[in-house]
Ligand SMILES: [Zn+2]
């Protein structure tokens, strides 16, 4: 969500520290495409890999997103719009030659970091 401080959420910090253990260098909170007002949470410029850490509630994680008790329709619409925006962002980045990896906040950072490390190393070759 926009009103929320977007950078340095707990899952992002955990993922970045796990990535550092793989010896990977990255930049955080990068807007890689001109005119696209969307920040990549973890950005690998040379490898062109864009990582998003998606909150389970805001992005409608299939495991943890539950209908809210009040304003159900409003929230459902909002989360649906977030998901549309996520898909759009992914498309735009892929058009620019990026590999986009979305990590749910509930995922184990070490597991996600290992997968990301493999992709980044492959794409650098
Ligand atoms: Zn989840």
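Only the coordinates and a few stated rules stand behind these numbers; no lab work does. Model, not experiment: these values are computed from the prediction. Cβ placement follows ideal geometry from the backbone for every residue including glycine, while neighbour counts extend to all protein chains displayed.
A few remarks follow.
- When 24, 15, 36 are arranged by Cβ crowding within 10 Å, least crowded first, meaning fewest neighbours, the order is 36, 24, 15.
- The angle between the Cα long axis of helix 109-124 and the main principal axis of the chain comes to about 50°, on a 0 to 90 degree scale.
- Neighbour counting of Cβ atoms within 10 Å sorts the residues 37, 85, 123, fewest neighbours leading, into 37, 85, 123.
- Counting only DSSP beta bridges whose two residues both lie in the chain, roughly 50 percent are antiparallel.
- The chain: relative contact order in percent, alpha carbon pairs under 8 Å with at least 6 residues between: 31 percent
- Three-way shape call for the chain based on the alpha-carbon gyration tensor, with the a/c threshold at 1.5: prolate
- On Cα atoms only, tilt of 72-95 relative to the major axis of the chain in degrees: 20 degrees
- Take the Cα of residue 117, step 7 Å toward its Cβ, do the same at residue 72, and the gap between the two points is 4.5 nm.
- Between the range 20-34 and the range 42-67, the alpha-carbon center distance in angstrom: 14 Å
- For the range 108-125 versus the range 70-107, the gap between their alpha-carbon centres in whole angstrom: 21 Å
- Principal-axis tilt of helix 10-21 within the chain, Cα atoms, nearest 10 degrees: 10 degrees
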